[in-house]
Amino acid sequence: MNDAKLSAVLEREHAASLEQKKNRRAAWEASGRPAGMNPQKMDFRISDFHRTNYLSIGPAEGRFMYGQILAKGAKEIVEFGTSFGISTLYLAAAAAETGGRVTGSEFHPEKADRALSNLVAAGLEADIRVGDALETLAGEGPEIDFLFLDGAANLYVPVLDLLEPRLRPGSVIVADNIPVAKDEGHVLLDALQDRQEAYVTSIVSFGQSGMSYSVRL
């Protein structure tokens, strides 16, 4: 994480993400819609919002995943929802330390191209597959050590179902945009609760939102 090239790319991309969010909020307020819009209620396949916006993790979440991958020595890392590649940078940096590899997925080609450009600038590598993740991540493969879910929320469970046969005991599943409040539900948390003999799950708070952290039993 102290590599100069990686730090420069992360600083630039995090700054761009924050600036875009600030401008988006100002535009919403100017239009009389202070609450903005809920990206989870849009069709990410045709939405300009999803095609052009970062919708990315912050530095704290990135460092958390980086540390978890190092602590586990995870080698086979899969990401659902690469976007512009901020999270992928953290995953790939950790994979470079463990001798592992990252397989990412992104529906929008423009975002995948930007993510690959960021990886090259940081001196890192990842296999980013463009298209429907239920197709691009399908098929046989090595056992997964670390799975990160950060795409469309309604696909969290289908992606988990798709990759579950490759999750060995001890595999970690981290999902972003998970509500911290106990009275807020989430389809992934419901699914994990139904499979409590297969997973143990905790919620990690990062301010208003959080991440779920599950271990395959």
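Calculate, in whole percent, how much of the Cα-Cα pair population of the stretch 1-158 lies beyond 19 Å. If you can, show how the numbers build up before the last one.
Values: 6726 of 12403 pairs.
The share of Cα pairs beyond 19 Å in the stretch 1-158 comes to 54 percent.
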Q. Of Glu97, Glu61, Glu19, which is the most mobile in a GNM of the chain whose springs link Cα atoms less than 10 angstrom apart?
A. Glu19
Q) Among all the lysines, which ones have a C-alpha under 28 Å from Lys21's C-alpha, if same-chain residues fewer than 8 places away are not counted? A) Lys5, Lys41, Lys111, Lys182
**Q.** Point-to-point label distance, Leu18-Glu197, nm (Cα→Cβ direction, 7 Å offset)
**A.** 4.8
Q) Given a Förster distance of 35 angstrom, what is the FRET efficiency for Ser47 paired with Met1, based on the Cβ-Cβ distance and rounded to 0.05? A) 0.60
Q: For the stretch 112-209, would you read off the P(r) tail past 18 Å as a percentage of all alpha carbon pairs?
A: 55
Q: Only helices at least 15 Å long along their axis, Cα-based, and averaging -0.5 or more on Kyte-Doolittle count here, so list those DSSP H runs from the chain.
A: 59-72, 86-98, 109-122
Q) Which whole-number value in Å³ per residue fits the convex hull of the alpha carbons of the stretch 64-105? A) 54
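For the chain, report the accessible area per residue in Å² (1.4 Å probe, heavy atoms, rounded to an integer). Don't skip to the end; give the middle numbers.
Working: 10690 Å² over 217 residues.
Per-residue accessible area for the chain comes out at 49 Å².
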**Q.** Surface share of carbon and sulfur [accessible, 1.4 angstrom probe, percent] for the stretch 114-217
**A.** 49
Q. Nearest 0.05, what FRET efficiency do Gln68 and Ala121 give at R0 = 30 Å with Cβ-Cβ as r?
A. 0.75
Q. Considering the chain as a Gaussian network with a 10 Å cut-off on Cα pairs, which listed residue, Ala27, Ala94, Ala153, attains the greatest mean-square fluctuation?
A. Ala27
Q) Taking amide hydrogens as modeled 1.01 Å from N in the peptide plane, which residues meet the under 5 Å criterion relative to Gly104, leaving out close sequence neighbours? A) Glu79, Asp127, Ile128, Arg129
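Can you give me the relative contact order of the chain as a percent, contacts being Cα pairs under 8 Å and 6 or more apart?
RCO, the chain: 16 percent.
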Q. What's the local net charge at Ile86, with K and R +1, D and E -1, over the other residues with C-beta under 13 Å away?
A. -2
Q: Divide by every residue of the chain the summed helix terms, -39500 (n - 2.57) for each DSSP H run of at least 4, and state the resulting mean residue ellipticity at 222 nm, rounded to the nearest 500 deg cm²/dmol.
A: -13000 deg cm²/dmol
Q.
Compute a Gaussian network model of the chain, connecting alpha carbons closer than 10 Å, and tell me which residue from Asn177, Asn154, Asn118 fluctuates the most.
A. Asn154
Q: Please report, to two decimal places, log10 I(q)/I(0) for the stretch 41-124 at q = 0.11, 0.20, 0.21 Å⁻¹ as given by the Debye formula with identical point scatterers on the Cα atoms and no solvent.
A: -0.29, -0.88, -0.95
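To the nearest 0.05, how large is the calculated FRET efficiency for Glu184 and Val204 if R₀ is 22 Å and r is the Cβ-Cβ distance? Don't jump to the answer; show the numbers that get you there.
Details: r = 15 Å, r/R0 = 0.69.
For R0 = 22 Å, the calculated efficiency reads 0.90.
The values are calculated or read from the model by the stated rules, or taken from the named source; none is laboratory data. Note that the coordinates shown come from a computational prediction; the quantities given were computed from them, not determined experimentally. Virtual Cβ from ideal backbone geometry, glycine too; neighbours counted across all protein chains shown. Keep in mind that these areas ignore ligands, DNA and RNA; they rest on the heavy atoms of the full protein, side chains included. Shrake-Rupley method; radii C 1.70, N 1.55, O 1.52, S 1.80 Å.
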